[in-house]
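Notes to accompany the following structure.
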Amino acid sequence: MSSSQGASSSASPLRLLSPLGAVAIIVGIVIGAGIFKTPAMVAGITGDVGWAITIWVAGALISLMGALCYAELATLYPHAGGDYHFLTRAYGKNVSFLYGWAKAMVINTGSIALLAFVFGDYMSKVLPLGANSTIYWAFLIVITLTLINLIGIHASAGIQTILTILEVCGLLAIIIAGFGIFGNPLPAVNNPPLFSSNPQLGMLGLGMVFVLLTFGGWNESAYISAELKGTSKTIVSVIVISLLVITVIYLLVNLALINGLGLKALASSKAAPADLLGLAFGPLGEKLLGLFVAVAALTSINATMIVGARTNFAMGEDWKGLSKMGRWESSRGSPSFAFLVQGVISLALVGFGALQSDGFEAMVEFTAPVFWIFLFLVGVGLFILRFKDRATRPFSVPLYPITPLIFCASCAYLAYSSITYAHSKGAAAISLYVMIAGLIALLILRLRKVS
């Protein structure tokens with residue numbers, strides 16, 4: 001981007017991030033608290049082991065298709081702005097600004113607040129802080145992780161690697177317990193034969209919605225493409241390896257829960273992993289699960305912060321009125337002011353969620369519709385950029401145009417489902433008001449540029 005288009009930054013992103021650190025960030029974003037809840041929901045929706053596992057495999061394949069689309073864009077346009085930068089190239093600065101606004105006000109900060117409530121819920125079981133313990137923990141963790149990320153990419157990536165290892169260890173404990181490798185003997189279960197039921201297509205679609213939400217976050221890999229050590233194709237290997245690791249873990253967790261509890265008990269359970277660890281390891285196992293879920297939420301919060309601030313940085317580069325966010329501190333390898341802005345908005349959303357009956361649910365209703373709409377636009381943007389930019393691509397998405405078409409169709413379906421869900425809860429208007437505010441902010445910035 002030319003200097004005439006926005007504010008210059010004090011430095012540019014350097015390739016300081018190792019492939020292992022990148023994998024830890026992606027795995028940390030994707031594997032959140034959802035995997036501790038979704039298997040029971042999918043089991044209840046399908047009522048069949050075969051269909052349940054099929055939906056998880058299909059969700060992994062659709063996620064891989066989307067990741068391959070992003071890999072083509074990230075190798076051709078490596079930039080700390082990630083899909084904000086892709087949208088700028090495909091649609092222009094107005095659309096990308098609205099996306100950046102949505103990321104700053106709704107998508108990333110809403111996800112941080114959502115995960116902070118999950119962390120607070122489970123940490124309160126381990127170490128309660130009084131009547132409003134969940135809220136206190138949520139505020140505390142957002143402040144703490146923002147300060148860690150202000151230190152720089154080495155500190156935040158190092159913490160991320162440690163947290164991801166702890167998170168995977170927690171999931172391995174579920175797998176070990178479910179297959180009876182260690183712990184108390186599990187009662188015998190009698191699961192029905194594979195594909196013995198015929199769930200309605202609509203129910204299978206609902207199950208897919210929850211599975212794809214659990215796989216959500218792989219798109220954030222685009223934000224670290226400009227900071228990744230190695231060649232331009234290194235990001236492709238990082239994305240594919242990350243999704244393979246995630247898929248294997250998800251499938252093993254599902255099989256362990258089905259084997260350890262049985263399909264019927266899994267489907268009716270409110271906290272299936274806790275039930276399983278309780279059977280295998282007694283009361284200690286149930287307490288450990290609370291700690292594992294807290295670590296999973298912590299891992300996702302930190303990873304989301306790392307990539308989210310980079311959208312703010314890209315907006316600061318593009319728009320003179322936001323130039324402070326476009327300053328990159330090379331000594332820290334991070335955009336410090338962009339992190340501060342993100343932290344303040346996240347804390348405000350934690351405060352907003354604290355005023356609702358369920359902070360977690362409020363954040364889901366608040367963020368999901370906007371997220372899937374813009375992800376759909378990125379998918380369509382791949383076709384637009386194929387037409388506009390004929391440059392040789394370091395990596396091309398396989399089976400074009402089938403792969404991106406399936407990805408776009410999946411995003412459109414999830415956008416529709418999330419809007420319907422938010423509307424049923426009376427929350428769709430909130431996201432709409434935020435985007436209207438974004439249009440007003442865009443108009444103000446345009447008028448300032450003209451004047």
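Values as computed for the structure displayed
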{"item": "Kyte-Doolittle mean at least 0.5, axial Cα span of 24 Å or more - DSSP H helices of the chain", "result": "49-76, 108-126, 133-151, 153-178, 234-261, 283-318, 336-354, 359-388, 402-424, 428-450"}
{"item": "Cα centroid of segment 389-437 to Cα centroid of segment 186-217, whole Å", "result": "23"}
{"item": "Once the Cα gyration tensor of the chain is diagonalised, semi-axes √(5λ) in Å", "result": "36, 24, 21"}
{"item": "Amide hydrogen neighbours beyond the local backbone of His79, cut-off 5 Å, H modeled", "result": "Ser225, Ala226"}
{"item": "Segment 10-107, Rg to Rh (Cα coordinates; Rh as Kirkwood inverse mean 1/r)", "result": "1.07"}
{"item": "Centre separation in Å (Cα based) which lies between segment 266-293 and segment 124-176", "result": "20"}
{"item": "Per-peptide average of other Cβ atoms within 10 Å, ordering 127-133, 81-87 highest first", "result": "81-87, 127-133"}
{"item": "Straight-distance crosslink candidates among lysines, where the alpha carbon sits under 17 Å from Lys270 and sequence neighbours closer than 8 are dropped", "result": "Lys37, Lys125, Lys287"}
{"item": "MRE, 222 nm, helices only [DSSP H, n ≥ 4, -39500 (n - 2.57), over the chain, to nearest 500]", "result": "-24500 deg cm²/dmol"}
{"item": "Ordering of 254-263, 99-108, 383-392 by burial proxy (mean other Cβ atoms within 10 Å per residue, highest first)", "result": "99-108, 254-263, 383-392"}
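Each value in this text was obtained by applying a stated rule to the coordinates, not by laboratory testing. These figures come from a predicted structure and were not determined experimentally. Backbone-built Cβ (ideal geometry, glycine too); neighbour counts: all protein chains shown.
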